[in-house]
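Step one of this worksheet: look at the structure below.
The values are calculated or read from the model by the stated rules, or taken from the named source; none is laboratory data. Being a predicted model, the structure only gives us computed values, none of them experimental. Using ideal geometry, Cβ is built from the backbone for each residue, glycine included, and neighbour counts are taken over all protein chains shown. Each accessible area value is taken on the protein alone, full model and side chains, heavy atoms only, with ligands, DNA and RNA left out. Shrake-Rupley method; radii C 1.70, N 1.55, O 1.52, S 1.80 Å.
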Amino acid sequence: MNIQQGAINKSMDITVNSVTAAQLFSGDVINIDKEPQNVLKGRLNLPEYQRPYKWSLSDVEALLDDLKAYFSVNTERIDSQDKPVKPLLYLGSVVLHQVERGSETILNIIDGQQRITTLQLICMAIAAKSSNHYTLPNMRYGSPSSHERIAKNYQWLTAQLFPDELLTLDLSRINFTVVITQSEDEAYRFFETQNTGGVRLSGPQVIKAHHLRAIPSEIQNNFARKWESFNYLDGVVNRLLKARHWQAFVFKYVPSHRAPEGVKKAIVKEFAENVGSNKDDLAFNRGAQIKSLSGAISQQFVDGYLAKQPLNAGINTVNYLAYFNELYNTLMVDQSQPYLEPFYSFYNEVVLKANNSDFLTELLDITILLYVSEFGTEHLNEASFWLARCVFSIRLYNEKTVREDSISSFVNKYPLLDWITTAYDHKQLLVMLQSFERDISPDNIGISDRDGKVANGVKQKFLKGYANFFNIHIADHAGKQLAQSFDADLKQGIESKLAELKECNVQAFQECVV
């Protein structure tokens, strides 16, 4: 087996080899020294902390089309010995971490899982359609989502018509650049700077690898399975990033969602590079020491973590993200707790249905996550109503459409997130929220100058939905009168809604007693 190209960087302990798919799948990966005695035989392996196999049918079809185009079209040329030669089909780079386990060499796949798995599925589909069989690596996939995706893609492949040229697929005609390192950190650093054409890691997937590698090996698999249970983590991580950046003392702008690589870098910096090396699982929380007249002392604490707390690598950050992921799903996604039904009703009717702005929804989500992590859910209904009054002021008081930069400008000018995290208790926070004031003009809520009536549009849809939930009769006012009275009516509507919910709770309690 010949080396086509290679390089070695001994300072980073990295070897770079050009190998065929047949070599890679057989476990024979040639060392850069080109000496027969240095041939490296390793078993490809997927570590527990790797992301699941996620390639969609369109991704599989794209690779299949590449193979069909290469093996079906005659692009051969003649070498010096009059033999047909065709350039190998290049499928990008694969990054492997070499680990010695006794007498066996394990090659953990850091980058390339999606392409390697899909190529194996294509080989299996060819074997099912013909007498051609392949030596394939025996890799184990622990994630249920991987099992589901593999089965779906294989079923699709077996239903496709393969040209005769593809039914005799020659793996020795397919080429990979294989990067092998004995340092796992170097493997990930190399991977994060490459663009191999595979499914790229998102910010949460990068920090997953960072923190699972910091966990002792004997419990690493347990935390890997815990991370897989998170499912989609991007939403909560993006909200936590802004919660930690948007603070009055050192305000940091977060890259726009239109610059995903910038967001990814910010996530990796905040939740991986900037975390501490201490192994302690620190859980900062809000507590109060109560002293009675007799001198007895008792303490009350809110369980969980604080959004802006410092983090340590490994278990601490995984548990921190697990806590907020569960909180986010309980409050905003699954909405599975019966005792939170009044909050769910407000969130669905006003925040999701009437609001019509993902940017405003995300900001309110951040304030709710901060509040519950600080003070729990006992007064969540009251807090959410007053927090929403502040957040949705951006919709009602801003003359222009709510844009992404409208949100960061607002929290920079009005440190709403700091009000939550610096208040000692719910009542003190309520005083700050109720004292919040902004002027409103008819133009800002889209009232026509000609007839003084509310025009149709996004703002008006929200205004009507908002007013309907809090039983505010906006039809009783017109023009400037509506603009001048709306906030006062909203305050009264909030108080009335809270009184209504309190009465419902009293009745429910009495029914339980009976």
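Label separation (residue 412 vs residue 284): 2.4 nm, computed from points 7 Å beyond Cα along the C-beta direction. Please say if segment 379-424 is rounded, prolate or oblate, where rounded means a/c under 1.5 for a ≥ b ≥ c the square roots of the C-alpha gyration tensor eigenvalues, and otherwise the choice is prolate for a/b larger than b/c and oblate otherwise? Oblate.
Computed from the C-beta positions of residue 333 and residue 139, the FRET efficiency with R₀ = 30 Å rounds to 0.40. Given their separation in residues at 0.36 nm each and the Cα-Cα distance between them, residue 277 and residue 234 gain 13.1 nm when the chain is fully extended. Give me the net charge for the shell around residue 425: Cβ to Cβ below 12 angstrom, other residues only, Lys and Arg +1, Asp and Glu -1. Cβ neighbours under 12 Å give a net charge of 0.
P(r) tail for segment 128-181, what percent of Cα pairs lie past 13 Å? When all Cα pairs of segment 128-181 are counted, 75 percent exceed 13 Å. The Kirkwood hydrodynamic radius of segment 299-446, based on inverse pair distances between different Cα atoms, is 16.4 Å. Measuring with a 1.4 angstrom probe and ignoring ligands and nucleic acids, residue 358 comes out at about 130 Å² accessible.
Relative to the compact globular guide of 2.2 N^0.38 Å, what is the alpha carbon radius of gyration of segment 316-370, as a ratio?
Ratio of Cα Rg to 2.2 N^0.38 Å: 1.19.
For the pair residue 422 and residue 129, label points projected 7 Å from Cα toward Cβ lie 6.7 nm apart.
Projection of the Cα convex hull of segment 80-174, averaged over all directions and equal to a quarter of that hull's surface, yields 9.1 nm².
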